[in-house]
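See structure below.
The values are calculated or read from the model by the stated rules, or taken from the named source; none is laboratory data. Computed from a predicted model, the values in this text were never measured in an experiment. Cβ placement follows ideal geometry from the backbone for every residue including glycine, while neighbour counts extend to all protein chains displayed.
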Amino acid sequence: MTMQRTILATLLVGLAVATAAPACAQLAEQVPPPRLTWSFAGPFGKYDEAQLQRGFKIYREVCSNCHSLNLLSFRNLADEGGPGFSEAQAAQIASEYKIKDLDDKGQPAERPGRPADHFPAPFPNELAAKATYGVAPPDMSTLAKARTYLRGFPWFVFDMVTQYQEQGPDYIAAILKGYRNPPKGFELPSGGNYNEYFPGHNIAMPPPLTDGQVKYDDGSPETLEQYSKDIATFLEWAAEPHMMARKRIGFQVMIYLIVLSGLLYFTKKKVWSAVH
């Protein structure tokens, strides 16, 4: 029986090592992006309206040429806690887009966008996107939540205390600034681009942003550093547009639970005072 247990334990350890080896190899190829400072970080963080508007400008002028934003409607631009556009401004932005629809006779037609419409995709379907770029560019609606990286021990322990949840924006900003010339000995496939922070370092997307590419109206620096933070913030809002309301409700719930715990404690002391 002891021999069987030893053999079983050896097999389990071997299986665990074999399973973990590919994951460790993949992690070794990914350079952790630098941790940045965000206005929406922490339990009391909130979105910067001006930064969201700059990020939307970048998406509209650059990212929307390849990436869809399927889960976001034009009217969301005027939602509380968002970029701070008025309903009239959101309607004006919507009207500048052409939406594919059907006319009164059921025939395909185009019309100006309405606030209730979703942002139109740059391609009619995934196959058309693949035919253009070889791979379909991902939808950006939840990109800031879908893209992340492993922090590893002991950082994830500290993250639970500090409520660090900005891996997605950190990763997006790092990818946009991570384009480099491939190091000596690195074989870059045809059509690929070397990126320091992308897993495997081979990314199909060419550098989308350069200094001075997008003109700002508020005097903010027109640099790649600023662009990367602005678009990452906008994509974080697109993925979680009601974050500020969630944090506010969470804080109220915590206050309620603390008060309730105190009332229960003193009630228990009062009820059982005669016994003690």
Discussion item. Here is a list: 141, 68, 73. Which entry is hydroxyl-bearing (Ser, Thr, Tyr), in contact with a Leu (Cβ under 6 Å, 6 or more places away or on another chain) and touching a residue at least 24 places away in the same chain (Cβ under 8 Å)?
Written reply: 141
Fill in: Search result, residues across region 99-136 that are more than 20 Å from the chain's Cα centre (by Cα), under 24 Å from residue 232 (Cβ atoms) and not in a loop (DSSP other than H, G, I, E, B)
129, 133
Worksheet item: How many residues does region 137-152 contain that are in a loop (DSSP other than H, G, I, E, B), of a type in the set (A, V, I, L, M, F, W, C) and closer than 13 Å to residue 232 by Cβ?
Response: 1
Discussion item. Considering only region 178-194, I want to know if a residue exists there that is in contact (Cβ under 8 Å) with a residue 24 or more places away in the chain and surrounded by fewer than 19 Cβ atoms within 10 Å (Cβ to Cβ).
Written reply: yes
Fill in: Options 89, 53: the member that is surrounded by fewer than 18 Cβ atoms within 10 Å (Cβ to Cβ) and either without any contact (Cβ under 8 Å) to a residue 40 or more places away in the chain or assigned to a helix (DSSP H, G or I) (or both)
89
Item to complete: Scan region 51-73 and give yes if some residue there is aromatic (Phe, Trp, Tyr), farther than 26 Å from residue 210 by Cβ and either touching a strand residue (DSSP E or B) at 6+ places or on another chain (Cβ under 8 Å) or at pLDDT 95 or above (or both), otherwise no.
Response: no
Item to complete: Could you tell me whether region 148-168 includes any residue that is of a type in the set (Gly, Ala, Ser), crowded, with 17+ Cβ neighbours inside 10 Å and on the phi < 0 side of the Ramachandran plot?
Response: yes
Fill in: Tally of residues being of a type in the set (A, V, I, L, M) and free of Cβ contacts under 8 Å to residues at least 12 places away in the same chain across region 92-126
2
